[in-house]
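A short worksheet on the structure shown next.
The values are calculated or read from the model by the stated rules, or taken from the named source; none is laboratory data. Fair warning: this is a prediction, and the values are worked out from it, not measured in the lab. Here Cβ is always computed from backbone atoms with ideal geometry, including for glycine, and neighbour counts include all displayed protein chains.
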Amino acid sequence: MITGVTGQDGSYLAELLLDKGYEVIGVVRRTSHDSYERIGHLLDRLHVVAADLLDQHSLTTVIRDAKPAEVYNLAAQSFVPTSWNQPVLTGEFTALGVTRLLEAIRLAHPQARFYQASSSEMFGKAVETPQRESTPFYPRSPYGVAKAYGHWITVNYRESYGMFAVSGILFNHESPRRGLEFVTRKVSDAVARIKLGKAGELRLGNLDSGRDWGFAGDYVEAMWRMLQQPEPKDYVVGTGTMHTVRDLCAAAFSHVGLDWQKYVKIDPRFVRPAEVDTLLADASRARRELGWAPKVSFEQLVKMMVDADVERLA
C-alpha cells in the first residue's frame, strides 16, 4: 500500500513493486478532479482507493480491508516554501498524518511493515557535514519540523509496540516527474522554454544553496530494501556529492548550448525566510547494509530532466 501514489516517488515505487510481482494499492485523496498523470500508465495494474491522512477512520478502514504486507507513507505537504504559508496544514499532513497511519496499522494490522518518508530537511542548519543517521536534527522550516515529528513518532511506535517501522532519510531526489514548483524542475522547464523561444529569463533565489541531488527512480529501491531487512532500522539515502543551484543552472543551460548567466535573474521573492545552506549525505550505512547505491549521476539527471521538458514543450 502506497500513500502519495500520484506523486513523483509514489509513481516510481508503484512501478518498482509491480515489476516485482506485488499487488499494489494506491491511496489517493478524494478531489473533484483526478491528478493521475504520473500513474496513468499504471492504472490498469493498480488498485486505487480513497483515504486521507487527515481522517483516521478512512485510514483504519483501508488497512483493515487490505491487510497489506508493506505500507509506504509517501504522502505529505512536501513543498518547503508552502510550509511557511500553510504551517498548520503542513503539520496536519506531514506530522500528524504519520501518527494516524501508524495508529491505523497498530489497530487493524500490526504485522504490516511500515516505511516513513523522512527528509534531509530535518537536518536543516546542519551541525555536521556530511549528515548521517546519528546527526542531530535542526530543521529550518515548518516542513522540516513536521518531518522531524513524523520521524520520531515512527521510532516511538517501533520501540513502544514492536512494529516493523522504519524511516528513510532521503536527500533531494528529482526526475522528469518532479513538480514544476521545485527548483530542479523549475530550472529544466525554464531551460526548455528559453531554448524553444517560449521564455526569456529564469528567476531564482539563493544560487549558493548546496544540495545532494539524486534520481528518484534510484531512491525508491532503497525504500523497498529497507522493508526487506531482518531488523527495522533508519537509513540516510543520498549520493554523497553536493552541487549548488548555480551548478544546476550551469549544467542545465550548457546541455542545450546556452550560457546560464545571460538568462538567470536573482529574485528576492524566492529566498527562504530561514535558509538551509548545505545538505550532503553520508549514505555509507545504506551502501553497506542494504547493498544500495545510486546509478544515475547528477549530470545524467539534469540532462534527463532537460530533455524530457524540451520534448514535452516542443
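Things worth noting here:
- Every residue from the stretch 140-163 that is buried (at least 21 other Cβ atoms within 10 Å of the Cβ) and in a loop (DSSP other than H, G, I, E, B): S141
- If the condition is being modelled with pLDDT under 90, farther than 25 Å from P142 by Cα and under 21 Å from the mean Cα position of the chain (by Cα), then the stretch 31-84 contributes D34, S35.
- Of all residues in the stretch 277-294 being surrounded by fewer than 19 Cβ atoms within 10 Å (Cβ to Cβ) and either among the hydrophobic types (A, V, I, L, M, F, W, C) or in contact with a Ser or Thr (Cβ under 8 Å, 6 or more places away or on another chain) (or both), the one that is farthest from V245 (Cα to Cα): A293
- Here the stretch 177-203 is the region considered, the condition is being in contact with a strand residue (DSSP E or B) (Cβ under 6 Å, 6 or more places away or on another chain) and buried (at least 20 other Cβ atoms within 10 Å of the Cβ), and the residue that is nearest to E299 (Cα to Cα) is T184.
For every residue, the table says whether it meets (1) among the charged types (D, E, K, R); (2) touching an Asp or Glu at 6+ places or on another chain (Cβ under 7 Å); (3) under 25 Å from L74 (Cα atoms).
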| residue | (1), (2), (3) |
| --- | --- |
| N206 | no, yes, no |
| D212 | yes, no, yes |
| V220 | no, yes, yes |
| V236 | no, yes, yes |
| L279 | no, yes, yes |
| S284 | no, no, yes |
| S297 | no, no, yes |
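Each row is one residue, and each column tells you yes or no for (1) under 18 Å from the mean Cα position of the chain (by Cα); (2) closer than 28 Å to I266 by Cβ; (3) at pLDDT 95 or above.
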position	(1), (2), (3)
S209	no, yes, no
G214	yes, yes, yes
M223	yes, no, yes
E231	no, no, yes
D234	yes, no, yes
G238	yes, yes, yes
M242	yes, yes, yes
D247	no, yes, yes
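- R113 of a type outside the set (A, V, I, L, M, F, W, C), surrounded by fewer than 21 Cβ atoms within 10 Å (Cβ to Cβ), under 28 Å from P87 (Cα atoms) and modelled with pLDDT of 95 or more: no
- Residue that is nearest to G150 (Cα to Cα) [pool: residues in the stretch 228-246 that are out of contact with any Phe, Trp or Tyr (no Cβ under 8 Å at 6 or more places or on another chain) and assigned to a loop (DSSP other than H, G, I, E, B)]: D234
Condition check ((1) assigned to a loop (DSSP other than H, G, I, E, B); (2) of a type in the set (A, V, I, L, M, F, W, C)) across all residues:
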position	(1), (2)
S254	no, no
G257	yes, no
K265	no, no
R269	no, no
A274	yes, yes
A286	no, yes
E289	no, no
P294	yes, no
L301	no, yes
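- Cβ-Cβ distances below 6 Å connect no pair with a first residue in the stretch 137-152 that is without any contact (Cβ under 8 Å) to a residue 24 or more places away in the chain and over 15 Å from F93 (Cα atoms), a second residue that is among the hydroxyl-bearing types (S, T, Y) and not in a helix (DSSP H, G or I), and a separation of six or more residues or different chains.
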